[in-house]
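Trainee: This is the structure I have questions about; it appears just below.
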Amino acid sequence: MRVRTLEMKLRELDCETGDDIENLLQEMLRGIGSTDPVLRDELIYRTFCHLVMENHLSEDQMIATLSTCLDEEHLFLRIGEEKGDSVFTRSFSVLIVALILHKDRESSFLSHGLVEEATEATLRYLQEERDIRGYVKGKGWAHSIAHGADALDEAIRHEAFRVERIDACLNTIAGCLFKKGLYVDDEDERLLMAIEALLSRGLKDDVLATWVNRLADELSSSFDQEGFSVAFLHTKGNVLGFLKSCYFRLKFNHDAEETMTAIDNVLETWMKKLYS
């Protein structure tokens, strides 16, 4: 008798012929952090997208899947490691969180309590994640911060989001910009989606401008401590790159003159500091 591997099951999946979806879900969750990029990204994640968005899962199955992804063996598996393979489990678990929150915005099957739990877990994840690699040679996308930003974006846009969490979201995004390492795979653009979501939920221009100035103060403090070290140059690249993208996103899409002026002043200050 042929033993069907998970890869074979996913390639041959036919939701209309009564395949055992429940057991398949459990196998997919166990394999979500595979270092095989085809299995993890092209098969497991894409199958999750198909099952969720095409209504092949019951509400109970989606709730159970979300709860599993939020647990210590998935979203927080060995959190704090900087170069281990556990990042794939964490990163793709948070991507499933984003997927299910997005589906719930359409269908409303999650309790507000579970949405709040997912929001808090996403914030904690982005705060505690230390492995910020984007593409990993031979293993594909880790992209932890980008995937976490996707989940945060979905959480903010959810009707259950509490505006009292705006400051926590801003603080978390700021923390991401000061993590050790250099973002090179559009992480800034994904974080900006969360900023835009906050603007849609009532974030005021003056509050965002004050936050930008706090970023600038922290960057200056980092420079005072480290000088032109490699670590500082990475941080500068992350912060100023984010602010440049933010400036043009605001220019094209939002009425945020105070924030744009703040960004302009920060960039001018650093241009003079670096090149005069």
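The values are calculated or read from the model by the stated rules, or taken from the named source; none is laboratory data. Bear in mind the structure is a predicted one, so any value in this text is a computation, not a measurement. With ideal geometry, Cβ positions are generated from the backbone for all residues, glycine too; neighbour counts draw on all protein chains shown. Accessible surface areas use protein heavy atoms only, side chains included; no ligands, DNA or RNA. Shrake-Rupley method; radii C 1.70, N 1.55, O 1.52, S 1.80 Å.
Trainee: Return yes or no: is Lys272 open to solvent by 40 Å² or more (accessible area, probe 1.4 Å), assigned to a helix (DSSP H, G or I) and more than 25 Å from Asp153 (Cα to Cα)?
Mentor: The answer is yes for Lys272.
Trainee: Quick one: Leu43 ticks every box in (1) within 29 Å of Cys169 (Cβ to Cβ); (2) open to solvent by 10 Å² or more (accessible area, probe 1.4 Å) bar one, so which box is it?
Mentor: So Leu43 meets the others, but not (1).
Trainee: Being assigned to a loop (DSSP other than H, G, I, E, B) and at pLDDT 95 or above narrows it down to one residue among Leu95, Leu99, Leu77, Leu29; which is it?
Mentor: Result of the check over Leu95, Leu99, Leu77, Leu29: Leu77.
Trainee: Six or more apart or on different chains, Cβ atoms under 8 Å: show the pairs whose first residue is in the stretch 38-51 and touching a residue at least 24 places away in the same chain (Cβ under 8 Å) and under 19 Å from Lys137 (Cα atoms) and whose second is hydroxyl-bearing (Ser, Thr, Tyr) and surrounded by 15 or more Cβ atoms within 10 Å (Cβ to Cβ).
Mentor: From residues that are touching a residue at least 24 places away in the same chain (Cβ under 8 Å) and under 19 Å from Lys137 (Cα atoms), the pairs are Arg40/Ser34.
Trainee: Could you run through the stretch 238-257 and say how many residues are surrounded by 16 or more Cβ atoms within 10 Å (Cβ to Cβ) and in a helix (DSSP H, G or I)?
Mentor: 11
Trainee: Oh, and also: Quick one: is Asp36 at negative phi, at pLDDT 90 or above, open to solvent by less than 50 Å² (accessible area, probe 1.4 Å) and not basic (Lys, Arg)?
Mentor: So Asp36 fails the test.
Each row is one residue, and each column tells you yes or no for (1) surrounded by 14 or more Cβ atoms within 10 Å (Cβ to Cβ); (2) under 19 Å from the mean Cα position of the chain (by Cα); (3) under 23 Å from Glu128 (Cα atoms); (4) polar (S, T, N, Q).
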{"position": "Leu13", "(1), (2), (3), (4)": "yes, no, no, no"}
{"position": "Glu22", "(1), (2), (3), (4)": "no, no, no, no"}
{"position": "Leu51", "(1), (2), (3), (4)": "yes, no, no, no"}
{"position": "Ser58", "(1), (2), (3), (4)": "no, no, no, yes"}
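Trainee: Among residues belonging to the stretch 77-112 that are touching a Gly at 6+ places or on another chain (Cβ under 9 Å) and of a type in the set (Ser, Thr, Tyr), point out the one that is surrounded by the most Cβ atoms within 10 Å (Cβ to Cβ).
Mentor: Looking at residues that are touching a Gly at 6+ places or on another chain (Cβ under 9 Å) and of a type in the set (Ser, Thr, Tyr), I get Ser93.
Trainee: Restricted to the stretch 52-90, and to residues that are of a type in the set (Asp, Glu) and free of Cβ contacts under 8 Å to residues at least 24 places away in the same chain, which residue is farthest from Leu10 (Cα to Cα)?
Mentor: Among those that are of a type in the set (Asp, Glu) and free of Cβ contacts under 8 Å to residues at least 24 places away in the same chain, it is Glu72.
Trainee: Name the single residue that is farthest from Val266 (Cα to Cα) among those in the stretch 216-231 being open to solvent by 60 Å² or more (accessible area, probe 1.4 Å) and of a type outside the set (D, E, K, R).
Mentor: Going through the qualifying residues, I end up with Val230.
Trainee: Within the stretch 176-193, identify whether any single residue is crowded, with 20+ Cβ neighbours inside 10 Å, of a type in the set (A, V, I, L, M, F, W, C) and touching a residue at least 60 places away in the same chain (Cβ under 8 Å), and answer yes or no.
Mentor: Yes, the stretch 176-193 has at least one match.
Trainee: Residue check, Met62 against (1) closer than 20 Å to Lys139 by Cβ; (2) touching a helix residue (DSSP H, G or I) at 6+ places or on another chain (Cβ under 6 Å), all met but one. Which one?
Mentor: Looking at each condition in turn, Met62 falls short on (1).
Trainee: May I pose another question? Among the residues of the stretch 133-173 satisfying the criterion of being among the basic types (Lys, Arg) and surrounded by fewer than 18 Cβ atoms within 10 Å (Cβ to Cβ), which is farthest from His234 (Cα to Cα)?
Mentor: The qualifying residue farthest from His234 (Cα to Cα) is Arg162.
Trainee: Okay, moving on. Any residue in the stretch 157-169 that's within 11 Å of Glu116 (Cα to Cα): show its pairings with residues that are open to solvent by 80 Å² or more (accessible area, probe 1.4 Å) at Cβ separation under 8 Å, as long as the two are six or more apart or on different chains.
Mentor: Here the result reads His158/Arg105; Glu159/Arg105; Ala160/His112, each pair linking the stretch 157-169 to a residue that is open to solvent by 80 Å² or more (accessible area, probe 1.4 Å).
Trainee: May I ask you to list pairs of residues, at least six apart or on different chains, whose Cβ atoms are under 9 Å apart, with the first in the stretch 199-210 being modelled with pLDDT of 95 or more and the second being in a loop (DSSP other than H, G, I, E, B) and open to solvent by 30 Å² or more (accessible area, probe 1.4 Å)?
Mentor: What qualifies is Leu199/His254; Asp205/His254; Asp205/Asp255.
Trainee: With the requirement that a residue be closer than 13 Å to Leu152 by Cα and acidic (Asp, Glu), what does the stretch 91-126 give you?
Mentor: Selection gives Glu116, Glu117, Glu120.
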